[in-house]
Every structure is written in C-alpha cells, then in structure tokens.
1. GLY270: small (Gly, Ala, Ser), under 17 Å from ALA147 (Cβ atoms) and either within 10 Å of the ligand (Cβ to nearest atom) or open to solvent by 50 Å² or more (accessible area, probe 1.4 Å) (or both), yes or no?
2. Just the residues that are over 20 Å from SER167 (Cβ atoms) and touching a residue at least 24 places away in the same chain (Cβ under 8 Å), please, taken from region 193-218.
3. What is the residue count in region 209-235 for residues that are within 19 Å of the chain's Cα centre (by Cα) and open to solvent by 10 Å² or more (accessible area, probe 1.4 Å)?
4. Check GLY193 against each of (1) open to solvent by 50 Å² or more (accessible area, probe 1.4 Å); (2) more than 11 Å from the ligand (Cβ to nearest atom); (3) out of contact with any strand residue (DSSP E or B) (no Cβ under 8 Å at 6 or more places or on another chain) and name the one condition it does not meet.
5. Taking interchain pairs and intrachain pairs at least six residues apart, which have beta carbon atoms under 8 angstrom, with the first residue in region 159-179 and more than 13 Å from VAL127 (Cα to Cα) and the second near the ligand (Cβ under 9 Å from one of its atoms) and among the acidic types (Asp, Glu)?
6. Those residues that are farther than 14 Å from GLY171 by Cβ, of a type outside the set (D, E, K, R) and out of contact with any helix residue (DSSP H, G or I) (no Cβ under 8 Å at 6 or more places or on another chain), I need them from region 217-236; list them, please.
7. Can you pull out the residues in region 152-190 that are open to solvent by less than 30 Å² (accessible area, probe 1.4 Å), in contact with a Pro (Cβ under 8 Å, 6 or more places away or on another chain) and outside any helix (DSSP H, G or I)?
8. Going by the structure shown, is VAL145 surrounded by fewer than 20 Cβ atoms within 10 Å (Cβ to Cβ), within 24 Å of GLY8 (Cβ to Cβ) and not charged (D, E, K, R)?
Amino acid sequence: MSATILDGKTLGLKIRESVKVRAAAIKDKGIIPCLAVVLVGEDPASLSYVTSKEKALTEAGMESLDLRLPENTSEEQLLLVIADLNKNDKVHGILVQSPVPKHINEERIIAAILPEKDVDCFHPVSVGNMILERPGFLPCTPYGVLALLREYNVPVSGAHVVIVGRSNIVGKPLANLLIRREYNATVTLCHTGTKNLEYHTLQADILVAAVGKPDIIKPEMVKEGAAVIDVGINRVPDASLPKGYRVCGDVDPAVAQKCGFFTPVPGGVGPMTIAMLLQNVIEAAEWRLK
Ligand code: NDP
C-alpha cells in the first residue's frame, strides 16, 4: 500500500496566500497586521524558527517587529518589554520564542501577554477559551494538524485518535479540539506513564506522534491503513551534511509503506504551524478593525 502524503508545504502556502489577500484588504483600511517576535538569547534552533516566522510574515505583507534580547535579559526587563508591546496599538500579536533562558519563568511571561494578542494561544485565558469553545485563537500546531486532516478528507468523526505526547502546546490542546462535536473523535492520550504503548497505537485510526524522539513509532506499532501525523522535529547528528545534522520526525519513514495517510518531515506539520500562526495574526488584526 502506498500512503497519501499530507503535504503541509503546499497547503501551508495556500493558507499563506489567503492571508496575504486578507492583509492587503486590511491595509487598505489603514491597518498593517503586525506580530512582535521576541527572542531572548541565541539558541540556534530558536533563531532558525523565528527567522522563518519573520520571513513568512513579510512575504504575506505583514509586519514583523523583531526583538532580539541578550541571554542575560532579566525576567523583569522582559516583562517590561511585554508591557510595552501590550500597550502598542500597532502590534496585533506577541510571540515569545520558547524556550526562554532558565533564569526566566516562562509561565509568568506568557501570563503577561494580553490574551487578545496571544496568537500562540498559550495564555491560561486563551487555553480556557479554547476548552470552553469560546471565541479566541487556536494553538498553531494543533490547528495545523486539523487543517491538514480536513484538506485531505481524512475521516475524523467517530475515528479513534491516539496521540503520543501530552505537552501543553501539542498533545493536550489537540486532544481537546478533537473531542469537540465538530470533529467528534474519540481520543486516547499516551505519555511516559502509558503501559504498553504499542497496544494503544495499534488501535489508532489516526495516530499523532508528538514526542520529540527520532523514529520512536515503528511500522509494527501502526494499524494497516491508519493516518499517521508526525509532529516531531528532531535534529540528528550527521557529519556527512554541511549543517552537521539532519531533521527527522518521531515516526520511522518505513511506516509510510503501511499507513493510509502520512505527513513527511520536513514538509508536513512544520509548515502548517507557521501558516496557522499567520492566520492568527491576520485574525487579531481584523478583530482590531471590528
Ligand atoms: P515535550 O517534550 O513537551 O513533550 C513530549 C511528550 O512526549 C511528553 O508528554 C512525554 O511524556 C511524551 N513522551 C516522551 N517519551 C515518550 C515515550 N517513550 N513514550 C510515550 N510518550 C513519551 O515536546 P513537545 O510537545 O513540545 O514537542 C514534541 C515534538 O514535536 C518535538 O520534536 C518538537 O520539536 C516537535 N514540535 C513540532 C512542532 C511543529 O510545528 N511541527 C511544534 C511543536 C513541537 P511525559 O509527559 O510523561 O513526559
């Protein structure tokens, strides 16, 4: 069997094009959608993430306010930066790239962002609104996974979705969204306390891996014909490459021979996360207009 590739690169570009049209329309009304992107320190992976986000914003005709702060920025200094961005009417969204240096309490920083500018949907109020199905942003990676499933008509209603990983940014919010009536899935959430992981993954009509461990999902753990969504982005050392590493997901690529739908890494969930971030920024700017 050969799996249908869930092509996040192509769908992501389509979404970014539609955001560009909306950004142009709102610009005609005098508003330039703007995301403040805050990076503290010089972690190379974080730097590469923020650079791609900033590039995508600019390409979509939106403004990216890039704030690069030194590693030794104190928590109080960062809170002052957030307070300024909250007050700035020209800024519609605020993103603080995770992880922040260890001496800064990330929860305090996220809680300081105004929920109406919290385009990552990490603030406790945003998370509460999402669970209660009240208006607000949806978190970018889970939102991107849902958009991919919808685009490729993967049957979700009544499906058994097994998610491996219960993080606040992927597993937990995705599980919450999938149990909404509009998706109507039955969800099992697995983690390090799960006994016999394979027993659960084998039951999945849709299997989502959000673990952060290369190739942890093997073909023998996947039901024939299942949809497999690989959220993982892992850097594996590879001296033969100029960068010295290669990027791979949490799913062994051999799984593609067995499943019905498959997301590549790179080119699957990653580009969708950026596209949904742009969508949240344009929505934030449109709300301001209203
Ligand atoms: P976290 O480290 O926050 O969470 C990992 C989760 O996996 C935890 O819930 C952990 O369980 C679980 N886990 C770890 N090992 C096992 C195991 N052996 N068996 C079962 N469960 C296990 O990671 P994130 O959610 O932040 O990220 C996960 C991956 O997704 C990473 O590779 C990250 O880079 C990638 N990512 C990709 C994005 C994208 O845009 N494509 C966006 C965000 C993340 P426990 O809770 O018990 O510790």
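The values are calculated or read from the model by the stated rules, or taken from the named source; none is laboratory data. These numbers come from a predicted model, not from an experiment. Using ideal geometry, Cβ is built from the backbone for each residue, glycine included, and neighbour counts are taken over all protein chains shown. These area figures cover heavy atoms from the full protein model, side chains too; ligands, DNA and RNA do not enter into them. Shrake-Rupley method; radii C 1.70, N 1.55, O 1.52, S 1.80 Å.
1. On the way: small (Gly, Ala, Ser): yes; under 17 Å from ALA147 (Cβ atoms): yes; either within 10 Å of the ligand (Cβ to nearest atom) or open to solvent by 50 Å² or more (accessible area, probe 1.4 Å) (or both): yes.
Judged against the criteria, GLY270 is a match.
2. Passing the criteria: GLN203, ASP205, LYS218.
3. At the first step, the residues of region 209-235 found to be within 19 Å of the chain's Cα centre (by Cα) are 209-214, 227-235.
Of the ones still in play, those that are also open to solvent by 10 Å² or more (accessible area, probe 1.4 Å) are 210-214, 231, 233-235.
Matching residues across region 209-235 total 9.
4. Of (1) open to solvent by 50 Å² or more (accessible area, probe 1.4 Å); (2) more than 11 Å from the ligand (Cβ to nearest atom); (3) out of contact with any strand residue (DSSP E or B) (no Cβ under 8 Å at 6 or more places or on another chain), only one is false for GLY193: (2).
5. These pairs meet every condition: VAL164/ASP250.
6. Those that are farther than 14 Å from GLY171 by Cβ, of a type outside the set (D, E, K, R) and out of contact with any helix residue (DSSP H, G or I) (no Cβ under 8 Å at 6 or more places or on another chain): GLY225, ALA226, ASN234, VAL236.
7. Of everything in region 152-190, just one residue is open to solvent by less than 30 Å² (accessible area, probe 1.4 Å), in contact with a Pro (Cβ under 8 Å, 6 or more places away or on another chain) and outside any helix (DSSP H, G or I), namely VAL170.
8. On the way: surrounded by fewer than 20 Cβ atoms within 10 Å (Cβ to Cβ): no; within 24 Å of GLY8 (Cβ to Cβ): yes; not charged (D, E, K, R): yes.
Spelling it out, it is not the case that VAL145 is surrounded by fewer than 20 Cβ atoms within 10 Å (Cβ to Cβ), within 24 Å of GLY8 (Cβ to Cβ) and not charged (D, E, K, R).
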